[in-house]
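What follows is a set of notes on a single structure, which appears directly below.
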Amino acid sequence: MSALMDPNDSAGSSPAADSAAFPAVSNITSLEASNLLEIRALLSPLFSPSSTLPGSVQARLHSDDGTLLRFIAARGTVKESAVMFSETMVWRETVDVPEIHRSHTNPTDPAIVKAMETWYGLVLTGVDSRSNSGGPVMIELIGSVDLAGVAKHDLGPALCDCYIHYLETTWLAVRRGEGGRQKSLVIVDLFGGTFDQLRYISIIKHLAAIGSARYPEVVETIALCRGPWAVSAAWKILSPLLPAATRAKVKILGPDYLERLRALAPERVIPSSMGGSCFVGDEEGAVDGGELKRRALKVER
């Protein structure tokens, strides 16, 4: 399943949007204002309209207050935040994130289509498909990812591009959110996961590292649901890779997961397989009036 957005929603249609298009940040504190002045001074060579430094094109597209505050919040000091920002902008240009996002939105390239059938992620960004706190909802059917097939057919790099597209869609949605401070809810359905998948944990570790290093302060809560016993083992492996602030956002939900999810989001954005009314995977249904028919395909082994 591709990293799709709600039908008829435009939040991810313009990956190279001008930073001026993003909303003003609400209730900026005096400390935040001071930090913004400092980081802008440190990054001024990148922000200069005439700059040709590596990363400068993407830097100018990410120079809005809301984005800079996300980088500042992700690191201990403004100087460290400036380094993270600079490295991220160089990375975005090196891997060509705008092109990945463009080519993976309603893809026609057979190779990309095949790769996206291995990634089970859905981003809901429409006005009627938000979490209870108002942010976009990311749904990940991790238990359905055929990691053995991905490894056998060397689809790791292609899967990585699919994941970047998924993260970029969410990145654009939170940056465009009202007040400039929105964050996403991530619902992770681990049903179907097996101990055998731990053999390919390096693939998941690589993907997880992209999110924490390149997309700061995007996530508010990560809810892990319907996980087998192997989830605890996998979490012990993955959690040290994540910043402490990210680890604190993870909630491993037990048998009462539906009740706890309802406290985070309306039923219309909770997958139907988990008791909600958002149809994903092999099912057919509607979100915001748009038909979502998806096939849960595995890579041919």
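Since every read-out is calculated from the coordinates, none of them should be taken as a lab result. No experiment lies behind these values; they were computed from the predicted model shown. Cβ placement follows ideal geometry from the backbone for every residue including glycine, while neighbour counts extend to all protein chains displayed.
Put simply, the Cα atoms of segment 19-97 extend 34, 27, 22 Å along their principal axes, the longest span coming first. PRE reach from Arg247 (point 7 Å along Cα→Cβ): which of segment 65-91 fall under 19 Å by backbone N? What the label zone holds, given the 19 Å backbone N cut-off, is 74-77. Centre-to-centre, using Cα atoms only, segment 111-172 and segment 212-226 are separated by 13 Å.
Based on the alpha-carbon set only, what is the convex hull volume of segment 190-231 divided per residue, in Å³?
Taking only Cα atoms, segment 190-231 has a hull volume of 70 Å³ per residue.
The per residue volume of the convex hull around the alpha-carbon atoms of segment 107-293 is 117 Å³.
Working note: Karplus 6.51/-1.76/1.60 with θ = phi - 60° gives segment 245-261 the couplings 5, 6, 4, 5, 7, 7, 10, 8, 8, x, x, 8, 4, 5, 4, 6, 5 Hz, where Gly and Pro are set to x. Reducing segment 251-277 and segment 38-57 to their Cα centroids gives an inter-centroid distance of 43 Å.
How much net charge surrounds Leu31 when only other residues with a Cβ under 14 Å from its Cβ are counted (Lys, Arg +1; Asp, Glu -1)? Working shown, then result.
Numbers: positive: none; negative: Glu32, Glu38, Asp65.
Once positives and negatives cancel, what remains is -3.
Projecting label points 7 angstrom from Cα along Cα→Cβ for Ser272 and Thr94 puts them 4.4 nm apart. Please list, ordered by chain and number, the residues whose modelled amide H lies under 5 Å from the amide H of Lys183; skip anything fewer than 5 residues away on the same chain. Close amide H contacts, sequence-distant or interchain: Gly135.
Only Lys, Arg, Asp and Glu count, each charged at its Cβ (+1, +1, -1, -1), so figure out the dipole size of segment 194-269 about its Cα centre, rounded to 20 debye.
140
Among the listed pairs Lys152/Lys183; Lys79/Lys236; Lys114/Lys236; Lys183/Lys205; Lys79/Lys183; Lys114/Lys152, a Cα-Cα separation exceeding 26 Å is found for Lys152/Lys183; Lys79/Lys236; Lys114/Lys236.
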